[in-house]
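Engineer: Shown below is the structure under consideration.
Readers should treat all values here as calculations from the given coordinates under stated rules, not as data from a laboratory. The shown structure was predicted, so the numbers you read here are calculated from the model rather than taken from an experiment.
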């Protein structure tokens, strides 16, 4: 594919396979109730900290440096995905999500990333940060009210897992859906060095 000179980029927390599998099971249990829901591919599930959009290669490198600076001041922490809901509301659902219990640590990480990105020249995020996993989006206006109510009452509770790194991710939009690939993975301050540490100390070309 010919490079356009820009990379669609975001900063996120990746998920272990166990969380993706549990989320996929929830998607499957709800899918038959409304065929007008566009479900997120379980392989693509992640918790977005900051979406940057299409940025240049030099800006991607700046983002990686900013994330490294932010991560250096944040200790690894457990995260607990629990509960479900809808944006903007269950009566007019547009997005279905899984929530985060006790979100103070992930909010602290977001704030550190946001501050470093702002210092590096990126505008601040205008919307309030609400940590969640997006499960699916409504395809047609008014088509998901019943499912929205159902999802709002659906239980989801996953075992907590340790967040030890932050990922700078690129997104290629294709006719078959978005394809994600890591640009860099950055370890948090007190992450166990014995755990996996792929590409955490070097920049991966967005074209690679």
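Engineer: What percent do you get for the relative contact order of the range 97-185 when only Cα pairs under 8 Å and 6+ apart count?
Structural biologist: Values: 53 pairs, mean separation 19.8, N = 89.
Once normalised by length, the contact order is 22 percent.
Engineer: Another one. May I ask you to derive the relative contact order of the range 7-187, considering only C-alpha pairs under 8 Å and at least 6 residues apart, and to give it as an integer percent? Spell out each step's value before the answer.
Structural biologist: Details: 345 pairs, mean separation 59.8, N = 181.
Relative contact order for the range 7-187 comes out at 33 percent.
Engineer: Next up: Return the Cα extents of the range 65-116 along principal axes one, two and three, sorted largest first, each rounded to a whole Å.
Structural biologist: 41, 20, 13
Engineer: For the range 115-135 and the range 148-183, what is the separation of their Cα centres, given in Å?
Structural biologist: Centre-to-centre distance over Cα atoms comes out at 16 Å.
Engineer: Could I get the Rg over Rh figure for the range 7-187? Both from C-alpha atoms, Rh via Kirkwood, rounded to two places.
Structural biologist: Details: Rg = 16.5 Å, Rh = 17.1 Å.
Radius of gyration over Kirkwood radius for the range 7-187 works out to 0.97.
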